[in-house]
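Chemist: One structure, as structure tokens, below. Some questions next.
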Amino acid sequence: MTLLLGALIIGLILSLLALGVLVSFRIFSMPDITTDGSITLGASIAAVLLVNEVNPALATLAGALGGAAAGAVTGIIHTKFKINSLLSGILVMTALYSVNLHVMGRSNVPLLGSSTLATRSEEFGRSLFGGESVGFFGWSVSSADAAMLLLSLIFVPIAGMALYAFFRTHLGTSMRATGDNPQMVRALGANVERNIILGLALSNGLVALSGALLAQYQGFADAQMGIGMIVWGLASVIIGEALTGTRSLGLTIIGTIMGSVLFRLLVAIALRWGLNPNDLKLITALFVFAALVFPGFLERLKRRRPTVS
Amino acid sequence: MLTVSGIRKTFHPGTINEVRALQGVDLTIEEGSFVIVLGMNGSGKSTLLNAVAGSFFVDEGKIEIAGRNVTAWPEHRRASLIGRVFQNPFSGTAPTMSIAENFALASRRGHVRGLSWALSPGLTRPLRDRIASLKMGLEDRLDNAIGSLSGGQRQALTLLMATWLKPDLLLLDEHTAALDPKSADQVITLSDEVIQRDKLTTLMVTHSMQQAVSLGDRVIMMHRGRVLHDIRGAEKQRLRPEDLLDRFDEIRRREQLDESAAAMLGDLYI
Ligand SMILES: Nc1ncnc2c1ncn2[C@@H]1O[C@H](COP(=O)(O)OP(=O)(O)OP(=O)(O)O)[C@@H](O)[C@H]1O
Ligand SMILES: [Mg+2]
């Protein structure tokens with residue numbers, strides 16, 4: 001049960017990363033690998049500030065802003081210097097590896113003994129449930145985990161709704177249209193380059209927020225923690241699309257959050273059944289590959305007709 | 001309203017693909033004038049409109065719209081003065097977004113886009129009425145993705161979007177060329193209505209002699225990146241399709257002459 005609870009919490013925290021990937025990959029049609037660097041950047045900024053006893057909420061916010069800045073740099077390299085979007089992301093991701101090591105001063109910062117959002121929610125849990133453990137559908141779970149889950153269940157939907165609301169404003173609408181038809185957006189007087197920079201900043205801000213929260217939940221920040229995270233995000237987005245479809249923005253956002261949680265649960269179960277953790281990234285990559293290829297493949301099969309040319 | 005003086009544009013200069021698309025165009029269009037642009041394929045009509053809209057910067061010359069020198073303005077900034085409809089029905093709308101959202105985008109042309117709601121009753125109510133007046137049955141489909149509509153419907157909506165806020169200059173580049181004859185007629189009628197009602201200063205590119213004689217108050221004919229003929233006033237009123245065809249024939253004859261002269265010179269000297 002503790003295992004499932006942990007998977008749920010991490011799934012919810014990583015759903016913010018998945019929402020970031022949704023913004024770059026689906027709304028702007030740019031697979032943005034800056035993600036791998038900015039999740040670590042968010043985690044390292046937050047961890048270093050927490051070790052120095054900064055208020056956890058402020059530390060988390062600072063981590064998110066760091067990610068937003070990294071995304072903006074990718075956007076500027078892509079739009080102002082006309083470098084291919086994938087390459088721009090690779091450049092920033094690579095540079096961030098050094099930046100993160102500098103921020104942390106070493107490759108790993110443990111948060112033992114620091115006051116974090118996780119320790120705060122533990123205290124909150126103990127006072128709320130009045131003890132170290134609490135009954136949960138007949139299971140006994142630690143009140144720390146229960147409180148963490150409760151808070152994630154409140155915070156993540158609020159973040160999703162805020163994102164939805166933003167994309168329904170004039171600015172947000174013009175950003176969505178930028179991914180849809182940049183020529184039209186230009187003809188209607190919006191600045192396509194600025195929209196792309198803002199979009200990548202928003203995307204990586206969400207990713208780094210996810211990283212800052214993850215570091216606090218797992219109790220450390222690590223230089224390697226970002227590797228392959230974009231593929232995790234893609235997998236969540238794709239599962240979400242299978243769950244809710246893509247008919248409306250709201251459904252897509254809900255689907256992405258659900259996709260992240262479901263994916264994390266599936267992984268936890270697979271690991272429990274003896275999946276070698278070393279194979280995890282290989283399997284995730286294969287899954288995303290299959291999900292990207294199969295829809296087009298089925299289309300082609302359907303369209304192929306026995307005609308003579 | 002629009003003054004273009006001595007603009008030149010060469011694509012891929014200094015390579016074997018060099019194209020001198022505009023070779024010194026001078027043009028002044030008075031406020032409220034509706035100008036038809038004719039010319040053979042590759043004569044530079046689209047390049048002229050793109051140069052005015054700011055899709056690229058010209059190599060030489062000056063462009064003024066509504067008294068402002070916009071030569072160095074980027075495209076999105078010029079859009080505050082310009083409404084545009086493209087030839088391709090896919091170019092003018094954001095396909096996955098709803099009809100209402102597309103108009104929300106158009107309703108902020110030239111304005112700051114802030115954090116207020118894109119869809120407000122202040123927009124959707126007049127929008128419903130305006131779209132109902134098209135008699136295409138689209139007023140109840142404002143929440144449908146605009147990509148699900150036919151090309152003709154999309155061009156009609158793009159025209160309404162381009163003129164939702166009155167533009168100082170309206171640019172139409174063969175905006176009915178991709179439509180079936182019936183839809184093309186509908187969109188042309190709608191264009192003429194909107195242009196007359198709002199007295200819009202308009203540049204419209206077409207290949208239809210019929211449209212050239214029946215619409216607008218001035219015809220310019222382009223050839224090889226220059227304005228070759230400029231027909232206005234009483235002469236435009238009297239204009240018949242045959243007159244325009246004669247002028248095209250004349251261009252064609254001159255072209256052949258040029259070619260045979262080049263062949264002769266080539267034989268003699270090379
Ligand atoms: N972006 C571009 N890059 C390179 N060459 C271009 C570009 N745009 C136009 N040209 C070239 O400039 C010349 C003029 O093209 P333009 O599109 O203005 O012609 P047009 O009069 O609109 O013709 P049509 O009636 O076929 O639309 C053509 O030779 C074309 O190939
Ligand atoms: Mg053209």
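Chemist: Using θ = phi - 60° and the Karplus form 6.51 cos²θ - 1.76 cosθ + 1.60, what ³J(HN,Hα) does each residue of the range B:140-156 get, whole Hz, x for Gly and Pro?
Modeler: In residue order, the calculated couplings are 9, 10, 4, 8, 7, 4, 5, x, 8, 8, 6, x, x, 4, 5, 5, 4 Hz.
Chemist: Give me P(r) over the range A:106-242, computed from all C-alpha to C-alpha distances, binned every 5 Å, as integer percentages.
Modeler: Spelled out bin by bin, the range A:106-242 gives 2, 8, 12, 15, 15, 14, 12, 9, 6, 4, 2, 1, 0 percent.
Chemist: Now, a different point. Testing the spin-label approximation: label points 7 Å from Cα along Cα→Cβ at A:R106 and B:K182. State their distance in nm.
Modeler: Distance between label points: 7.8 nm.
Chemist: Additional query: How would A:E53, B:E30 rank on accessible area, largest to smallest, probe 1.4 Å?
Modeler: Heavy-atom accessible area, descending, gives A:E53, B:E30.
Chemist: Among A:A177, A:A187, A:A69, which one moves the most in a GNM of chain A with springs linking Cα atoms closer than 10 Å?
Modeler: A:A187
Chemist: I've got another one for you. Report the charge-dipole magnitude of the range B:2-239 in Debye, nearest 20, computed about the Cα centre from +1 at each Lys and Arg Cβ and -1 at each Asp and Glu Cβ.
Modeler: Magnitude of the dipole: close to 240 debye.
Chemist: From the mean inverse distance of alpha carbon pairs (Kirkwood) and the Cα radius of gyration, derive Rg over Rh for the range A:7-80.
Modeler: For the range A:7-80, the value is 1.02.
Chemist: Between exposed trypsin sites (Lys or Arg not before Pro) in chain B, where DSSP calls loop and at most 13 other Cβ atoms lie within 10 Å, what's the longest gap?
Modeler: No qualifying site falls inside B:1-134, the longest such stretch.
Chemist: Are any of the pairs A:K80/B:K62; B:K9/B:K45; A:K80/A:K281; B:K62/B:K199; A:K82/B:K45 more than 22 Å apart by Cα-Cα distance, and if so, which?
Modeler: Correct reply: A:K80/B:K62; A:K80/A:K281; B:K62/B:K199; A:K82/B:K45.
Chemist: Per the helix-only calculation at 222 nm, which mean residue ellipticity applies to the protein assembly as shown, given -39500 (n - 2.57) for every DSSP H run of n ≥ 4 and division by its residues, nearest 500 deg cm²/dmol?
Modeler: Only helices count here, giving -19000 deg cm²/dmol.
Chemist: Using the Kirkwood radius over Cα pairs, work out the Stokes-Einstein diffusion coefficient for chain B at 37 °C and 0.692 mPa s, in µm²/s as a whole number.
Modeler: Taking Rh from Cα pairs, D becomes 164 µm²/s.
Chemist: A further question follows. Might you work out the accessible area of B:H111 for me, using a 1.4 Å probe with all protein chains in place, and round it to the nearest 10 Å²?
Modeler: Accessible area of B:H111: about 100 Å².
Chemist: Enter the per residue convex hull volume of the range A:2-304, computed from alpha-carbon coordinates, in Å³ rounded to the nearest integer.
Modeler: It comes to 153 Å³ per residue, whole-number rounded.
Chemist: Please report the relative contact order for the range A:1-157, taking Cα pairs under 8 Å with a sequence separation of at least 6, and give it as a percent rounded to a whole number.
Modeler: 29
Chemist: Could you let me know the centre-to-centre spacing of the range B:228-254 and the range A:75-112, using Cα atoms, in angstrom?
Modeler: If you average the Cα positions of each part, the centres end up 62 Å apart.
Chemist: For chain A, give the magnitude of the charge dipole about the Cα centre (Cβ charges: +1 Lys/Arg, -1 Asp/Glu; no others), in debye to the nearest 20.
Modeler: 1200
Chemist: Also, I was wondering about something else. GluC sites (Glu not before Pro), restricted to the range A:96-191: which are DSSP loop and have at most 15 other Cβ atoms within 10 Å?
Modeler: Filter output for the range A:96-191: A:E132.
Chemist: Would you work out which of A:L117, A:F289, A:A159 lies farthest towards the positive end of the dipole of the range A:2-304? Charges go on Cβ: Lys and Arg +1, Asp and Glu -1.
Modeler: Of the listed residues, the answer is A:F289.
Chemist: If you build the convex hull over the alpha carbons only and average its shadow over all orientations, what do you get for the range A:32-169? Give it in nm² to one decimal.
Modeler: 11.1
Chemist: Could you go through the range A:147-161 in sequence order and give the Karplus-derived ³J(HN,Hα) for each residue, using 6.51 cos²θ - 1.76 cosθ + 1.60 with θ = phi - 60°, rounded to whole Hz, and x for Gly and Pro?
Modeler: With the stated coefficients, the range A:147-161 comes to 5, 4, 5, 4, 5, 5, 5, 8, 6, 5, x, 5, 4, x, 5 Hz.
Chemist: Follow-up. Which residues make up the longest stretch of chain A clear of chymotrypsin sites (Phe, Trp or Tyr not before Pro) that lie in a DSSP loop with no more than 16 other Cβ atoms within 10 Å, not counting the sites?
Modeler: Values: sites that count: A:F81, A:F137, A:W273.
With a cap of 16 other Cβ atoms within 10 Å, the longest stretch comes to A:138-272.
Chemist: Quick one: divide the alpha-carbon radius of gyration of the protein assembly as shown by 2.2 N^0.38 Å and tell me what you get.
Modeler: Working: Rg = 29.7 Å, N = 579, 2.2 N^0.38 = 24.7 Å.
So the Cα radius of gyration is 1.20 times the expected 2.2 N^0.38 Å.
Chemist: Turning to a different aspect of this structure: For chain A, calculate the relative contact order in percent as a whole number, restricting contacts to Cα pairs under 8 Å that are 6 or more residues apart.
Modeler: Result for chain A is 35 percent.
Chemist: Then there is this: Can you run phi through the Karplus equation (6.51, -1.76, 1.60; θ = phi - 60°) for the range A:92-101 and list ³J(HN,Hα) in whole Hz, with x for Gly and Pro?
Modeler: Residue by residue, the range A:92-101 yields 5, 4, 5, 4, 5, 4, 5, 4, 4, 4 Hz.
Chemist: Okay, next question. Let me cross-check B:S55: its accessible surface, 1.4 Å probe, with only protein heavy atoms counted, in Å² to the nearest 10?
Modeler: The accessible area comes out at roughly 50 Å².
Chemist: Follow-up. Which loop-located chymotrypsin sites (Phe, Trp or Tyr not before Pro) does the range B:1-60 contain, where loop means any DSSP state but H, G, I, E or B and the Cβ has at most 11 other Cβ atoms within 10 Å?
Modeler: Answer in residue order: no site qualifies.
Chemist: Further, regarding this structure: Given an 8 Å cut-off on Cα distances and at least 6 residues of separation, report the relative contact order of chain B as a percent.
Modeler: 26
The values are calculated or read from the model by the stated rules, or taken from the named source; none is laboratory data. Note that the coordinates shown come from a computational prediction; the quantities given were computed from them, not determined experimentally. A quick note on method: Cβ atoms are made from the backbone with ideal geometry, for glycine too, and the neighbour counts reach across all protein chains shown. Ligands, DNA and RNA are excluded from the accessible area calculation, which covers all protein heavy atoms including side chains. Shrake-Rupley method; radii C 1.70, N 1.55, O 1.52, S 1.80 Å.
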